[in-house]
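The values are calculated or read from the model by the stated rules, or taken from the named source; none is laboratory data. Since the model is a prediction, treat every value here as computed from it, not as a measurement. Note that we place each Cβ from the backbone using ideal geometry, even for glycine, and neighbour counts take in every protein chain shown. The accessibility values were calculated without ligands, DNA or RNA, using every heavy atom of the protein model including side chains. Shrake-Rupley method; radii C 1.70, N 1.55, O 1.52, S 1.80 Å.
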Amino acid sequence: MLNIFLERLRQKKRTVPYPKALPQLPPRFRGRPLINARRCDGAQGTNCRDCADACPAGAIAFDDRSPVLDTGLCTFCGACATACKRQALFFTTDWRLASSSRDALLVRPGNTKELFAPKGAGFAAVSLPGPEPLGSLDLKAVTPPPIRPFAGGGAFRRSFRLRQVSAAGCGACEADLNVLSTVVFDLARFGIDFVASPRHADALVITGPAPRNMKQALLICDEATPKPRAVIAVGACAISGGLFHEKSGATDGQEADGASALLPVDLYIPGCPPHPYTNLDGLLRFLGLSVQRPSE
Amino acid sequence: MGENMTTLETQTSAAGNTLFVRNGQAAAMASVPVLSFGMFAHSLQTALRDGARLSALFALAGRPETKDEAPCRLVAVLALDAAGLVQILAADVENAYPSLTPRIPQAHLFEREIHERCGIVPEGHPWLKPVRFSRLAGPDVGHADFYRIDGDEVHEVAVGPIHAGIIECGHFRFQCLGELVMHLEISLGYHHRGLEAHLVGGPDKRSLPLLETLSGDAGIAHAWAWCSVIEALSGREASPRGQLLRSLALELERLANHTGDMGALSGDIGFLPTHAYCGRLRGDWLNMTAMLCGNRFGRSFLRLGGVTFDPDRALSDQLKKRLHATARDVRGALRALWDSPSVMARFTGIGKISAEDAAALGLVGPAARACGLERDARSSHPLDGLPAPPELVSAPWGDVLARARVREREIQTSIAYCHRLLEDFIGTDREDGADDHPQALSAPGQMADPAPVLTPDSIAVSLVEAWRGEVCHVAVTGTNGRLRAVSLVDPSFHNWAGLAMALRNGQISDFPLCNKSFNLSYCGHDQ
Ligand code: SF4
Ligand code: SF4
């Protein structure tokens, strides 16, 4: 018995101070991709398609010769940044990817220079290409994709119950949602909890591409959830079908375009799987809980 | 391309030609002996009696244009653990054949799979139900003819497809007499995404990313198994340093999942300290994988030929430090668990499987080792260039206690192995002191062609010991050098039957605990 207490002391307090303090993400973590318009050949009217050719998920389309990267399809594999010879397309460690707007998940070439912070002052770094990072980003200059708070942000702010449905997720999205309930993230301190019954839920959190064999169960679960309820699509699969989306050439009677094809989605959280901080950021902003910025 | 194609041994015996290959090697399809069905069944039975395991059994649809091929060719892959060899044999069948399952129970699910995919009937199969409900024309998922026990006192409990927690979907049907479970039937297929069908005709840029999602918590194992078969078929050798790094990632994956499951087991019996610590520590292992490659699940770390990132000395040092700190905390968390007599009492005798049943069902991984079966692809089918594998851990009791014990001991051996990998291999520089290792496929930009040309009409097999047990991938190429058929066997495919067996004559309230002690993959089974 004494050992148990001693061990408790040794294991210390481990809950992260997010959102008060910034998360420590590994330097190779691939969060938000950016495209530097000045460097991008495609954007300058040549016919470069290297990034799109490398993409396994069909996440990069060309809109009038300029690439548009859909983070709702993207698996964050980094193949596009690797293929881009001009380092125009690169990944940053910015974990804030969630949005309530499907359109806001699209990344287009832009002026990326003004996003960079003076040396040492940045909050997120370039993770790919490496090993020489292009620099770090300035938090104030980079606005995360917008989120319209659920029900105006008020009603659910102090108690938000989630029912998770794995619509044929691979287990990784599920694992990184599960981790939010551990002592590290301690989701309950924000009044957010995962519950067993859809009857007790304010939101459905869906993972997986929702292929044929999961459609009925998912829809029955949605019916059992009292309205109004929010639908949160977590991961490339749930947002769009991800690797199983028809654009990626994955059909055979198992067409799977994610939860969005079946239900109206209120919050999209990109990633494959989304990092726990990406999930947490999305959920907090969705509830209108102010996320403090470190510089404020 | 030549070297990889060597057939190690081709013997002639009473049973005809026999083909043996090693893990991660290719052979010409023409060298696979095609036996009469009777001889095929007999050879399988003999080999299994002598200790072999059925690692894969699949059907190759015949090519009508070549007259010498029957409508369907059954291909069996046997793992001969004692010899470190893989045996491949085949038999041509028409639209039906006498089922192997009555004589070879571990063929039960393979035969159902073949039936579901190709419509070939294994006549006399005692349990010929859909596996994944993958046929468009077949019954809807979950509409199975469930086994039922009649009687006034008997009741049926249906659980799923959607379960209470954050977990994948599947259906369980219990036949109970009060608390007593007389029978548990597991009906899956909800996670079927048609993976194998997507891979045929490849490989292409989507193949490996898809494989990484076959079973998301065992992505490294599947990616490695896939890289192995494609490397063998394309005659490309993986870089030695790449193999070391793959091995490190595989052990980190094992550590994360074993640690997480020890926490889940503690949670299920209400022993909350270890539950809380392990919940965090699981993440610490995942974060080490993210330090290596940026993704907690090792996504896009493995690529054909090696890996995408090569840790420099500074990163290796950081990893070593993390390994030390995490190892200490994991040991402490587990000690608290093992020191509690009430925990031991709760684990003991629950969900028992006999060694005979485990062997007959062909269980793999910790579930098999917890029944005293010494099966571990790391020691029996090692790959060249890797340090000696960690010591094989087993326990004889076959219950939840044994499965927990094996996991816990494997956490220890795996930590020691990671330590060796980092200390003696990955973290040491080359002699000239240069920091980079040109022999490792490291820098992004050196990524290998994801769609290499493969040797036509060949077969390759790879075995990787994932944390749940053996992952077996078999790939067969056609005349055009593209993939003609693949068979991807997740350890869960073997082990779900073990869970059903563990519940027999147990208490239904013990189901969550038993289930956690296996923690099988739904999507690995459903693909
Ligand atoms: S999936 Fe995403 S990261 Fe990978 S190549 Fe496509 S756009 Fe780039
Ligand atoms: S988005 Fe990626 S991690 Fe999530 S379920 Fe799909 S394949 Fe798995």
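A few points about this structure:
- Other residues within the sphere of radius under 15 Å centred on the Cβ of B:R504, judged by their own Cβ, net out at -4 (K and R +1, D and E -1).
- Using the Cβ-Cβ distance between A:A151 and B:A314 with R0 set to 51 Å, the FRET efficiency from 1/(1 + (r/R0)^6) comes to roughly 0.60.
- For chain B, convex hull volume per residue from C-alpha positions, Å³: 139 Å³
- The protein assembly as shown - share of DSSP beta bridges that are antiparallel (%, nearest 5): 75 percent
- Under the convention that each Lys and Arg Cβ holds +1 and each Asp and Glu Cβ holds -1, the size of the dipole of chain B around its Cα centre is about 580 debye.
- Cα gyration tensor shape of segment B:32-131, rounded if a/c is under 1.5, else prolate or oblate by comparing a/b with b/c: oblate
- One way to sum up the overall shape of segment A:14-131 is the equivalent ellipsoid from its Cα gyration tensor, whose semi-axes run 25, 16, 13 Å, largest first.
- Computed [θ] at 222 nm, helices only, for the protein assembly as shown once each DSSP H run of length n ≥ 4 contributes -39500 (n - 2.57): -9500 deg cm²/dmol
- For the protein assembly as shown, the fraction of C-alpha pairs farther apart than 47 angstrom is 17 percent.
- Ordering A:C55, A:I147, A:A104 by the projection of their Cα atoms onto the charge dipole of chain A, which places +1 on the Cβ of Lys and Arg and -1 on the Cβ of Asp and Glu, puts A:I147 at the extreme positive end.
- Protein accessible area in the protein assembly as shown, 1.4 Å probe - carbon and sulfur %: 53 percent
- Cα centroid separation, segment A:29-83 to segment B:77-141: 44 Å.
- Among A:R96, A:R108, A:R212, the largest mean-square fluctuation in a Gaussian network model of chain A (Cα springs under 10 Å) belongs to A:R212.
- Comparing B:A96, B:V131, B:F37 along the charge dipole axis of segment B:32-131, the residue lying farthest to the positive side is B:V131, per the Cβ-charge model.
- Relative to the compact-globule estimate of 2.2 N^0.38 Å, the Cα radius of gyration of chain A comes out at 1.03.
- Among A:D63, A:D193, A:D50: highest mean-square fluctuation, GNM of chain A, C-alpha pairs under 10 Å: A:D63
- Heavy-atom surface of segment A:135-187, accessible at 1.4 Å and reported per residue (Å²): 36 Å²
- Applying both filters, DSSP loop and at most 10 other Cβ atoms within 10 Å, to the GluC sites (Glu not before Pro) of segment B:138-244 gives B:E153, B:E179.
- Chain A: most fluctuating residue of A:L263, A:L69, A:L106 per GNM, C-alpha cutoff 10 Å: A:L263
- Accessible area per residue, Å², chain B with all protein chains present, probe 1.4 Å: 34 Å²
- Here is the result for segment B:392-428: no trypsin sites (Lys or Arg not before Pro) lie in DSSP coil with at most 15 other C-beta atoms within 10 angstrom of their C-beta.
- When chains A and B come together, the accessible area they lose, probed at 1.4 Å and totalled over both chains, is close to 4900 Å².
- In this Cβ point-charge picture (+1 for Lys and Arg, -1 for Asp and Glu), segment B:32-131 has a dipole of about 200 debye about its Cα centre.
- Under 18 Å from the A:N111 label point (7 Å along Cα→beta-carbon), backbone N, segment A:42-75: A:43-44
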